[in-house]
1. Treating only the Cβ atoms of Lys and Arg (+1) and Asp and Glu (-1) as charged, compute the dipole magnitude of the range 52-135 about its Cα centre; round to the nearest 20 debye.
2. State, as an integer percentage, the relative contact order of the range 96-135 based on alpha-carbon contacts under 8 Å between residues 6 or more apart.
3. Would you mind telling me the share, in percent, of accessible area of the range 71-127 contributed by carbon and sulfur at probe 1.4 angstrom?
4. Taking a threshold of 25 Å on the Cα-Cα distance, which of the pairs Lys98/Lys132; Lys47/Lys126; Lys32/Lys98; Lys32/Lys56; Lys32/Lys74; Lys56/Lys132 fall above it?
5. Could you check the simple spin-label distance between Gln37 and Asn25, using points 7 Å along Cα→Cβ, in nm with one decimal?
6. I'd like to compare 23-34, 55-66: which one has the highest average count of other Cβ atoms within 10 Å, and what's the full order after that?
7. Gap in Å between the Cα centre of the range 19-41 and the Cα centre of the range 73-96?
8. Residues with amide H under 5 Å of Ile112's amide H, sequence separation 5 or more or different chain, H placed in the peptide plane at 1.01 Å from N; which?
Amino acid sequence: MGNCTAKPLANDNDSDHDVEFVSGNVQLITTKEAWDQKLEQARHDGKIVIANFTAKWCGPCKMIAPYYCELSEKHPSISFLLVDVDELADFSSSWDIKATPTFFFLRDGEEIDKLVGANKPELEKKIGAVTKSPT
């Protein structure tokens, strides 16, 4: 199971994102305000949110990113967010991220499930489980 242990904030000032991290319906979150806005929008629309806490330097994150984007297109009823743990370090640490990628499944802003690691079958299984749950 692939995952990367979270490392301290890198000071390389390289904020370029590889294209494969953000495509499909995945929305990149770069500020706490954007996070709050997306969660409020999802709550208003009755959508589940999946937040992928990731890092550009993490091999397994790069591996699963295209699949995450693909899932975002297959499941338009879910809001797919991407958070770079280096760009939003303080915010990420408030979620107690120990490894990347970490996927949080949220309903009405509350965590309903979590997956640590780049496990495609488990990610798809959890998406199936949360989409079948009654709201």
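The values are calculated or read from the model by the stated rules, or taken from the named source; none is laboratory data. All of these numbers come straight from a predicted model, not from anything done at the bench. All Cβ positions, glycine included, derive from the backbone under ideal geometry; neighbour counts span all protein chains shown. Calculation scope for accessible area: heavy atoms of the full protein, side chains included, ligands and nucleic acids excluded. Shrake-Rupley method; radii C 1.70, N 1.55, O 1.52, S 1.80 Å.
1. That gives the range 52-135 a dipole magnitude of about 380 debye.
2. On the way: 29 pairs, mean separation 12.0, N = 40.
Contact order relative to length: 30 percent.
3. Roughly 46 percent, rounded to a whole number.
4. Lys98/Lys132; Lys32/Lys74; Lys56/Lys132
5. Using points 7 Å along Cα→Cβ, the separation is 1.9 nm.
6. Numbers: 23-34: 14.6, 55-66: 19.6.
The packing order, highest mean first, is 55-66, 23-34.
7. 7
8. Residues meeting the criterion, in which the H sits 1.01 Å from N, are Phe105, Leu106, Arg107.
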